[in-house]
Each structure stands twice: as C-alpha cells, then as structure tokens.
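The values are calculated or read from the model by the stated rules, or taken from the named source; none is laboratory data. All values reported here derive from a predicted model rather than from experimental measurement. So basically every Cβ, Gly included, is an ideal-geometry build from the backbone, and we count neighbours across all protein chains shown.
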Amino acid sequence: MDPSAVLPVELLQKIFQHYLSDRLDPEGPFPVNPFRGQKPYGYRQTIKYFTPSLAQALDLSDGLWVLGKVNSAWRSATLSSQTLWSTVLITLSSRPQWSPVLIMDRAIRRLPFSSNSNIPSEILTEILHRSGNTPLSIALLFPIEVAREEVLSDSVSKSLFAQLSAQSHRWQSMELTAPAMIWEDFVQISPSRIEALRSLHATVSSGSFLFQIVGVCSCVVDLTIYVLNAASNGMDHPALPPIPVRMPFLQHLHIRSRRVDVLEAITAPCLQSLTLKVLVYGPDRPSFRSGFVDFIQRSHCSNSLTVLDLSCTCDYGDLVAMLSHTSSRYTSIPSLLPNLHTLLFEAPGVLQAADVNLILDMVESRIAGRLRNVRIGDVFSTDMEKLKGRLSSLNSLPNVAIEFEEIYNLDD
C-alpha cells in the first residue's frame, strides 16, 4: 500500500500547500515584497486556453487537478480543502508570441488564446464551487488591446469577469490587467460589495479610470496602479473628485503613471510606504514638491510614512528641500516625515558629485533620527570615487546602509 494513502487528511493538505507554494514562479502575479509581506495564501488555480495548433486545447495537467487523481485519499484531501482552491489565475491573450509588457516592473508572457469555447467558464465555475465561501485571491491577465479580427475574446473576458464579479464580496486580493471594457464593469461594482478587498494591483491602458477605481476600492490596504500609456495632450487626465477620496486603511501605495497624479484625489492617514514612478510635471502643473507636501498635510500621514520610493518623479533639489531638517535654536527636527526609515530615489538624470553631496547632507541630518536605509541613483563612477570616504564613514554607523547606483562614463 502507498504510505501516503494513509496519512491524515490535514497533513496531506499541508504537504500539498507547501508543494504548490514552493513551486510558484517568484516573478508570478503575486511577487514577494518586503514592504507588503508574502504571497496570498493558497495556490493559484490556472485557467489557460490555447490555440489547438500551438498547444493542447486545455491544460488540466498541473497542480491540484493532478494531485486529486493520484488516489482516493489525495482526491479527498484536495476536495475537502476550500483554501487550496481559493486563489485563481486567468491568463488570456490574443497574441501567440512574447509580448514584453512591463507589469509592476516585470515582463509577463502573454499566452495565445482562442475564444470559441465555454470551457474556461465551466472550469472557473468548478473552482469557485470548490473554494466554498473562503476569501479569494485573483489574478486576471487579459489582453489590453485586441485586434478587430479577434474581438470574440472580448466576450470571453467579460464573461469570466462577470462570473468573478458575482463573487466580489469574497475578493481579498486582486491583480487585474485588462482593457477599458473590463474596467468599465469594475467601477460599476458597489463599494459595499468589495469592502473585504485588501489588495489591488491594477494595470490599465490609460488614466481615464484611475479616480473611479480609487473611489470603488477605498477600503484597500495595498494599492498598486500601473498606467501603460498616457496621452501628452491632457486628454488622459480625468476630472478630480469633488472631495478627495478618504482611504482610511491604505498602508502601501505604488503608482506608475506619467500624467495622472493619484495623490491629488485621495487622503491616506495610515500610509506607511509610498512608491511613485515616472510622474511627469509640466509647466501647467504645480511642482512635485508642492503637490507632495499638500498630500502629506491633507492626509495627516507625516508620522506614519516610513518608506518612500521616488523614481524619475522629482529632481534632487525637490528631494533635499522636502526632507531637510528644520533647525531651531535648541534642536533640529524633520519638518516632514520625521519617522522616515527607508528612502529610495532615482533622479530623472545622472546626478553630479555636488548634487550627491547635498543629498548626503540631508541624509546625514536624518540619521540622528530614524533614517537607516538609503539607495540613490544614478551617479557616474568617476564621481563616486570622490564620495567613497564620506559614504564609508556614514555606512560605518550602526544599522545604516547607504548605496548608490553607479554607472560608467562612456569614455571610461
């Protein structure tokens, strides 16, 4: 007799959970993030439907589907655990080749998709049934742009999203990469139905829906928004809500958008980490410094924000001006973000040695407080040689780690 067939069901389920979790791709839809914790609990049940000429019509030869076929004990273990079925990944694509679309700074392979079948819907129905009433962690990776001859995949995407929307009260975490038609459906969901949603990673083709998405998901703890494209003529900038959306539980905010500043539309009194990437400020818009300070003061999150990551969003002058200490006759205290612990900064261009010295002045003034981890980029290697002594002295302090992204001069 197979010894595994007589193991207790609870032990089998733990073994299955470890097996499935350990083999997950670390670059998958739920990446480990030091500021947001580990992947959601539960294995990602994957629906992949391929064009028959490129692969088999439907792949059920992996994960829980296979484990449940080994013997009756294993089948009982998989079917009796709703948690094992509570994480769903649906990947559809209209292109059979690699499409290196960056989603949260990583490339995702698009899977070729055929829409002339209702089998994916039937499998999703079965997964939702097996998951019972447990909270759901969902990743939906739909094609952002669909060619005219492939518009049938639109209906499949909408159908699958409609199935999941019917269970929106169970949503716990979601990563959604989708075209406008799906986001139109998303923002129609009543906020009261998704109050359990704690994590949303949204990839959109433009900024048109950003403020509506924020309004629907005001209860999230972790919010990531990545805008793939943005019009440079202002047409992509939606109207601000009449009053900022209050997000009372938001702790981690990650925005990558060239034109739409989400900070204008929200308040986040419990914010702990903030990442802003490639936000462009033109002549018709206020500087980053004024908008950022206004958000911090409006949200009353100056004390709670401990992690700040700014990439190609502001210049070093704004950074130094915002984070320098305000000196008094008796003491020197930070005027903004007094509890800042981790700072990551990438300037729009290469920093010069004089620029870096100003940044180090600001950093040094904060080390007496809470600042401990700093990463700055980019700096020419020749300039770094001039700064090694000062940098080494700062890094010799207890629990302090200051790093610079070093690039080489073209004539080196």
Number of positions in the range 372-412 that are among the small types (Gly, Ala, Ser) and exposed (fewer than 10 other Cβ atoms within 10 Å of the Cβ): 2
Residue count for the range 191-208, restricted to those that are surrounded by fewer than 21 Cβ atoms within 10 Å (Cβ to Cβ) and part of a helix (DSSP H, G or I): 4
Positions within the range 335-371 being in a strand (DSSP E or B) and surrounded by 20 or more Cβ atoms within 10 Å (Cβ to Cβ), in sequence order: Leu343, Phe345, Ala347, Leu351
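Residues checked against (1) over 25 Å from Ser190 (Cβ atoms); (2) crowded, with 18+ Cβ neighbours inside 10 Å; (3) modelled with pLDDT of 95 or more:
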{"site": "Ile225", "(1), (2), (3)": "no, yes, no"}
{"site": "Asn229", "(1), (2), (3)": "yes, no, no"}
{"site": "Ser232", "(1), (2), (3)": "yes, no, no"}
{"site": "Ala239", "(1), (2), (3)": "no, no, no"}
{"site": "Pro248", "(1), (2), (3)": "no, no, yes"}
{"site": "Leu253", "(1), (2), (3)": "no, yes, yes"}
{"site": "Val260", "(1), (2), (3)": "no, yes, no"}
{"site": "Leu263", "(1), (2), (3)": "yes, yes, no"}
Cβ-Cβ under 8 Å pairs, at least 6 apart or on other chains, the range 374-391 side under 9 Å from Glu403 (Cα atoms), far side acidic (Asp, Glu): Val374/Glu403; Arg375/Glu403; Arg375/Glu405; Ile376/Glu346; Ile376/Glu403; Ile376/Glu405; Gly377/Glu346; Gly377/Glu405
Selected residue (only one of Gln212, Gln188 is modelled with pLDDT of 95 or more and either closer than 17 Å to Leu136 by Cβ or not in a strand (DSSP E or B) (or both)): Gln188
Glu364 vs. criteria modelled with pLDDT under 95 and within 25 Å of Lys277 (Cβ to Cβ): no
Index of the failed condition, Leu394 passing every other in (1) in a helix (DSSP H, G or I); (2) at pLDDT below 90: (2)
